[in-house]
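As structure tokens, the structure follows; a few thoughts come after it.
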Amino acid sequence: MKTTKRRDDRRAAWWFLLPVLVGFAVFYGYPAIRGLWYSVTDYTMLNQPSFVGADNYTELAQDGQFWHSLLVTVWYVVLNIGSQTLLALGVASLMHRLTRSTVLRAALLLPWLVPNVTVGLLWMWLLDTNLGFVNNLLTSLGVGPVGFFTDAAWAMPTVAAINTWAYTGYTALLLYAGMLQIPQYLYESAAIDGANEWRMFRRITLPLLRPVLALVLVVSLIGSFQIFDTIAVTTFGGPVSATRVIYYFIYEQAFRYFHMGYAAAAAICLALILGVLTAIQMRLLRASRSDLA
Amino acid sequence: MIRRSRAGTALLSLAMAAGLAGLAACSSDDSGDEAGGAVTLDYWLWDDNQKASYQACADAFKTANPNITIRITQSAWDQYWQNLTTQLAAGEAPDVWTNQGSYYPQFVTSGQILDLQPYVDADKIDLSQYQGGLADLFTKDGARYGLPKDWDTMALVFNTEHLKAQGVDAASLKDLTWNPTDGGTFEQLIAKATVDANGKNGLDPAFDKSKVKTFGFLPEFKDGSQGQNGWGNFAASLGFTYLDKNPWGTQYKYDDPRLAQVIDWYKSLIAKGYSPALDKASTLTNDALMNAGKGAITITGSWMINSYLGDTAKLKFAFAPLPAGPQGRKSAINGLSDAIWTGTEHKDEAWKWVKFLASPDCQNIVGGNAVVFPAIKDASEKALEAHKSKGRDVQAFIDEAAAPGGTFFLPITDHGSEVSQIVQDAIQSAVLGQTDSASAMKKANDQVNQLFK
């Protein structure tokens, strides 16, 4: 009796899973396979895709612009993840140890709630070399105008800073939630032993936060690799490809030059890179799971 | 356990409901045919300024052909070509759409545009009624892939109050000269128009180029492979040509030393403080900077007339002809055309519409609205009159178009958008000083010509 009932459950479960599975197959599985197929074809959207073997991949390997894009992306990820995580950690600790105001927490989330395109346009105007408020301020302080988006050395740090501004609040909130899980008595006993705030942060908060920190890093790293909208709004990959990140490269190949096959090959490469990075990070995440148990 | 499975069920049913809603949303109508032989044609364009004029044409067309309705769709330039290509790939393209020189070759190559020559022959369309050479831009190997609808030329636009304050007589702008060595009288004007924070102009020995308040000349370096809004015109006035033949050339000539000379002249303006440095330039468009009083002079196209002379302009502007170079005054001239999709189910009706668009009946309407200069010469006169009646002096654009040898066509070839990116990057890297102009252009030219192999 009992066994048949269990089997019935399983069959019912498949029925309930079906919509999701179909959705996944139609919206993820099928496009992924099509993408894989296009990556070995010559396809301009207006012709029939013709099989070219590994040509797209060998061409990619020799394409300086592709490697440059990857390099620029890594530069962005380092700048963005570095600044964002450090800032978020600081903000979260302040929220954790200093104030627990809900208003403040809500305010921190505000930049994250603004659509990326709006964020990009907002900062483009603020930072404009000739008409921007920030440069006006800098000039009146005697520092002189800075070409935030137009100077090849400044463009990427600027884009990274904008996204850091937009995402720090959200990351801080995640870290803050992680900090709330750390038992209060640890801080109390440390305080009795005469530890100062900095020491408590280093010896208690940071080690016990590691699993949450790892999770936040995984999520934001993948997101960071996919930087596109801020660049598409502000720099268009310029000046002279200083901000032509890999997503923008793929976008240009696909929708400006209509090299669909070539773009698909680049996208597959990016997916592989992200897959490897995620696998490494997942391992790190699992390793640090047992800290608070 | 029980609670979790309930939550799961709720989620799943939500997902299903959402899926159903999505399906329902998908089943929109896309039928062109209606009962009684009535036909609806889709017509696409990108310029929102022109939509009203073409809607007026569509209404007039409907009156003459009661069973054909024109449905106009306008989308911004950046999305227009992507949407169009996607729709072509999906087999649901508009019956008729507006084309531009650097984008239409790929549609010709992929067989998406109907050859209009048989229709033109059958209906005896007079191709000489159009501004010289425009009709030929859209032909290849005896086939015709569009009929011309309008044209544009380039001119100087200047801040009238600012120049007056600097003691410049506006009439003196009519016969400026230019050369790449000392910039001619044009550079003298630019120097005079550049003013620093202390009110000293560029000719004053006390001029402080680190504190420029108004730049004499705003260059355009985001101008693709054509330099339509700047370097292309100067290079042409030195005798530079883009290609072995135009349209449909296969050998670009960006390594011409005369082009490098022009870029070097631009760099000298930046070095003297007359123009903003590229790495300290604005991300905003030149017309925004002109309106903010940050620039005194720049080069613009006739499609911008309403932006500079219209109600939205914050300052007073006027147009002057481009300076004349060693080979004379040369302005880029560009034209748009209307094309028919090979996949349309209503070829004859689409031809009727294209023929109407390219006829005086429609082009006079467009000209009368004074938005662009129509391709038909008489209709252009109408546009000039309409501008005059609004008190706008746009003679410079017309004179350049009418001057013998005064204009040159922008390149029309395959790989247009790739060439555009390569050349723009090369010019910017030269202006930024990452490489010298000559070797940057040589390298770009090799890359460009590699595309045609």
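Before moving on, here are some points about what is shown:
- Relative exposure of A:Met156, A:Met45, judged by other C-beta atoms within 10 Å (fewest first): A:Met45, A:Met156
- Using only side-chain charges placed at the Cβ, +1 for Lys and Arg and -1 for Asp and Glu, the dipole size of the protein assembly as shown relative to its Cα centre rounds to 3520 debye.
- Centroid-to-centroid separation of segment B:228-289 and segment B:65-88 [C-alpha atoms, Å]: 33
- Working note: 222 nm ellipticity from helices only, DSSP H runs with n ≥ 4, each -39,500 (n - 2.57), summed and divided by the residues of chain A, gives -23000 deg cm²/dmol to the nearest 500.
- Signed unit charges on C-beta, dipole axis of the protein assembly as shown, positive-most listed residue B:Gly391, B:Tyr130, B:Ala379: B:Gly391
- Here the relative contact order of chain B, from alpha carbon pairs under 8 Å that lie six or more residues apart, stands at 23 percent.
- Each helix, a run of at least 4 DSSP H residues, gives -39500 (n - 2.57); summed and divided by the residues of chain B, these come to -12500 deg cm²/dmol at 222 nm.
- Close amide H partners of B:Ile72, meaning residues 5 or more places away or on another chain with modelled amide H under 5 Å apart, are B:Tyr43.
- Remark: relative contact order (segment B:350-440) = 13 percent; criterion is Cα-Cα distance under 8 angstrom and separation of 6 or more residues.
- For the set B:Lys200/B:Lys314; B:Lys149/B:Lys443; B:Lys62/B:Lys316; B:Lys222/B:Lys355; B:Lys294/B:Lys330; B:Lys280/B:Lys388, the pairs lying more than 29 angstrom apart at their alpha carbons are B:Lys149/B:Lys443; B:Lys62/B:Lys316; B:Lys222/B:Lys355; B:Lys280/B:Lys388.
- Selection of trypsin sites (Lys or Arg not before Pro), segment B:52-137, meeting DSSP coil and at most 16 other Cβ within 10 Å: B:Lys124
- Take every Cα pair under 8 Å whose residues are at least 6 apart in sequence, average their separation, divide by the length of segment A:64-292, and the relative contact order is 28 percent.
- Acute angle (nearest 10 degrees) that the helix B:257-271 long axis makes with the longest principal axis of chain B, alpha-carbon atoms: 70
- Least to most buried among B:Glu418, A:Glu59 (fewest other Cβ within 10 Å first): A:Glu59, B:Glu418
- Dipole magnitude of chain B, debye to nearest 20 (Cβ charges: Lys/Arg +1, Asp/Glu -1, about Cα centre): 1440
- In the protein assembly as shown, the convex hull through the Cα atoms has an average projected area of 42.3 nm², a quarter of its surface area.
- Within 10 Å of each Cβ in B:260-269, the average number of Cβ atoms from other chains: 0
- Cβ charges +1 (Lys, Arg) and -1 (Asp, Glu), total dipole of chain A, debye: 1460
- Residue mean of other protein chain beta carbons inside 10 Å, B:100-113: 1
- Amide H within-cut-off set for B:Phe317, under 5 Å, with H built and near neighbours excluded: B:Thr160
- Convex hull volume of the C-alpha atoms in chain B, normalised per residue: 205 Å³.
- Under 12 Å from B:Lys442, Cα to Cα: aspartates and glutamates that are on another chain or at least 8 residues apart: B:Asp255, B:Asp256
- Positive dipole terminus of chain B, leading residue within B:Gln261, B:Leu289, B:Met154 (C-beta point charges): B:Leu289
- Protection proxy ranking of A:103-110, A:215-222 - average other beta-carbon atoms within 10 Å, highest first: A:215-222, A:103-110
- Axis angle, to the nearest 10 degrees, between helix B:77-89 and the longest C-alpha principal axis of chain B: 40 degrees.
- Per-residue Cβ neighbour rank within 10 angstrom, fewest leading, B:Ile125, B:Ile305: B:Ile125, B:Ile305
- Other protein chain C-beta atoms within 10 Å of residue C-beta, averaged over A:127-134: 5.
- 0 to 90° range, to nearest 10: angle between helix B:437-450 axis and chain B longest Cα axis: 20
The numbers here are math on the coordinates, done by the rules we state, and not lab data. Please read these numbers as outputs of a predicted model, since none were measured by experiment. So basically every Cβ, Gly included, is an ideal-geometry build from the backbone, and we count neighbours across all protein chains shown.
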